[in-house]
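Structure first, commentary second.
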Amino acid sequence: MRLPGKFSDQSNRLYLAFLVTAVVPLAIAGLVGIHYSIQALRDETLSHLDQEVASRAETVSRFMEQLASEVLYLSASTALDALVENPTEQARTQLESNFAVFATAYPYIYQLRYLNTVGREVVRVDRREDGLVLVPPSALQDKGDRYYFREAMALAPGQIYVSPPDLNIEHGQVETPERPVVRVATPVADAQGRIRGLLIINLHAVTSSLSTSPARPPMAMCSRPRKRTNRAKCTSAPT
């Protein structure tokens, strides 16, 4: 049975009214729900990222404090003092052996060096694919023109210098394959307090997690700890 046109029009209007009063609000509610769900997911993700960044920053901070302590102790070692006060080949060989032992205990060390006041390498131990290499005197290099040498030598004994991450340079050229490093250094003084050279460690930047920031880290001023078990106390130096 076919309804008259008047009733058909009323039916259409009722159907349209139903859509407006029921379906449209549901759609709007769904869109609002989706928006808040996305916002909540974004906030949760950012919160997890903040926690991860904070955790990594704390890890790097502890790592650098411990490394600063080790560098300061090494700079005050008997073998290094002996070479500073009496630079004989025997003293150089003894320090070289001590460097090798130290580098063996810390696999993130790529190079461990002692440079004199003009930037000439005196003792150097490298880490290669097949192990540690004691670099002979004939292969030692002049690093006096490198920025990290000048900046680190401007510090006082007992202070720690940390370079920005960059590529390792050998004989004036970028080493191949490219090797990102971070350098940690401290001036070495004699018994009279005169600076006689620089102790410097090259770290694998990726391993030490210090290459995550392209900006130059501030130099750190660290007090020399009195006991072997203590860590160095480091604060950012004024820029």
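Let me check I've understood the local charge: for residue 85, count other residues with C-beta under 12 angstrom from its C-beta, Lys and Arg +1, Asp and Glu -1. What total comes out? Kindly include the intermediate steps, with their values, before the conclusion.
Values: positive: 194, 196; negative: 81, 190.
After counting each charged neighbour, the total is 0.
Which residues' amide hydrogens lie under 5 Å from the amide hydrogen of residue 123, considering only partners 5 or more residues apart or on another chain, with H built in the peptide plane?
Excluding prolines and chain starts, which carry no amide H, the hits are 114.
Sorted from largest to smallest, which semi-axis lengths in Å does the alpha carbon gyration tensor of region 75-119 give for its equivalent ellipsoid, taking the root of 5 times each eigenvalue?
Numbers: eigenvalues 74, 30, 15 Å².
After scaling each eigenvalue by five and taking roots: 19, 12, 9 Å.
Quick note: the coordinates plus some simple rules give every number you see, no bench work behind them. Just so it is clear, the structure is predicted and the values come from calculations on it, not from any experiment. A quick note on method: Cβ atoms are made from the backbone with ideal geometry, for glycine too, and the neighbour counts reach across all protein chains shown.
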